[in-house]
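**Q** This is the structure I have questions about; it appears just below.
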Amino acid sequence: MRRTSAFLIFTLAALPSLVLAQKKEDFISLQRDVAQLEDEVSQLKKSQDEKLDVLKRMLQEALDASNKNAAAIAGLQRSLSDTVNDQKKALDPISGQLVDVRTKASQTSEDVGTLRETVADVQRRVNALDSKLGDILTQLHLLTQPPAPPPSAAAPGTAGTAANAPPAGFSCTTGFEDARRDFSGGRDELAMQGFVDMVKYCPDDSNAPTAQYYIGMLFDRSGQYEDAAKAFDRVSEQFPKNPRTCESLYRKGDELRKAKHLTDAVAALNEFIKTCPGDDRVPTARSDIRAMGMTPTGARNTKKK
């Protein structure tokens, strides 16, 4: 009995030491976990910094190339002006020689046509650089806040009718503004759903064509160029009379070009030129068609006969 009592007393006396030893081991284990977590965070930050440095260098290179091309365009324009002025000065002293004047005038016209084609080609390259700059800026944005991928091509569907009643509390104006804010903020999945609902529930609203246009922009942003072309095509099909028609026709051809459907891209760009002859993007569309090895609609043949 005495031995049992003594054993119990010894056990109770040693119990706090055991508990303290266990807590110490737990604390040491926790310190190791914290140190490991700090190391992983440091490595992740280092990786992100390296990616940002690479993207910054790419952006600077693209900006330098854009500045060089701008300088080349200015030089070509000065060369064109100097050539025209030189030809005028050469024509003044020989005004009485009609044959020579006609010959030099013809040569000047050919030189001007060649220079214009060169300027158009440089402009096309500048536009391509601008597009690359936009892609780089998009990548910078996605690096800080990666958006979820947009829905598949079947998501937009067709424009709704008055029979498609919107959900309770849905507002066409508020829904469009919220979707546009989500688009600007890089929340592509929310933006896509908002614009799809806008086209579905508010087809007669003045913002419906713009919502359909933004659907195409979202598909382009995610690299789904064929779906983007279909979305832009719906703008002119469902909303033929709206300010976005000409821009959507051009974007349809450009998306088909990105998707490597060159024949369809040329046909779409020619349709854009025919439908919107006064649009500012017509010269760019013609340059794109020539870059694909085709002749744009209504283009003049400047070759000698």
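The values are calculated or read from the model by the stated rules, or taken from the named source; none is laboratory data. None of these values were measured; they are calculated from a predicted model. Here the Cβ positions follow ideal geometry from the backbone for every residue, glycine too, while neighbour counts run over all protein chains shown.
**Q** From Ala211, Ala265, Ala229, Ala291, grab the single residue that is under 21 Å from Arg116 (Cα atoms), modelled with pLDDT of 90 or more and among the aliphatic types (A, V, I, L, M). So that I can check it myself, show each step before the final result.
**A** On the way: Ala211 fails: under 21 Å from Arg116 (Cα atoms); Ala265 fails: under 21 Å from Arg116 (Cα atoms); Ala229 fails: under 21 Å from Arg116 (Cα atoms).
Criteria check complete, one pass: Ala291.
**Q** While we're on this one: As an exercise: evaluate Met192 against (1) modelled with pLDDT under 95; (2) under 23 Å from Glu255 (Cα atoms); (3) surrounded by 14 or more Cβ atoms within 10 Å (Cβ to Cβ) and give the number of the one condition it does not meet.
**A** Checking Met192 against (1) modelled with pLDDT under 95; (2) under 23 Å from Glu255 (Cα atoms); (3) surrounded by 14 or more Cβ atoms within 10 Å (Cβ to Cβ), the one that fails is (1).
**Q** Here's another thing I want to ask about it. Criterion first (exposed (fewer than 13 other Cβ atoms within 10 Å of the Cβ) and at pLDDT 85 or above) does Glu40 satisfy it? Give the derivation first.
**A** On the way: exposed (fewer than 13 other Cβ atoms within 10 Å of the Cβ): yes; at pLDDT 85 or above: yes.
Judged against the criteria, Glu40 is a match.
**Q** Being crowded, with 18+ Cβ neighbours inside 10 Å and acidic (Asp, Glu) is the requirement here; does Asp205 meet it?
**A** Numbers: crowded, with 18+ Cβ neighbours inside 10 Å: no; acidic (Asp, Glu): yes.
So Asp205 fails the test.
**Q** Quick one: in the range 241-293, which of the residues that are within 18 Å of the chain's Cα centre (by Cα) and among the basic types (Lys, Arg) is surrounded by the fewest Cβ atoms within 10 Å (Cβ to Cβ)?
**A** Lys260
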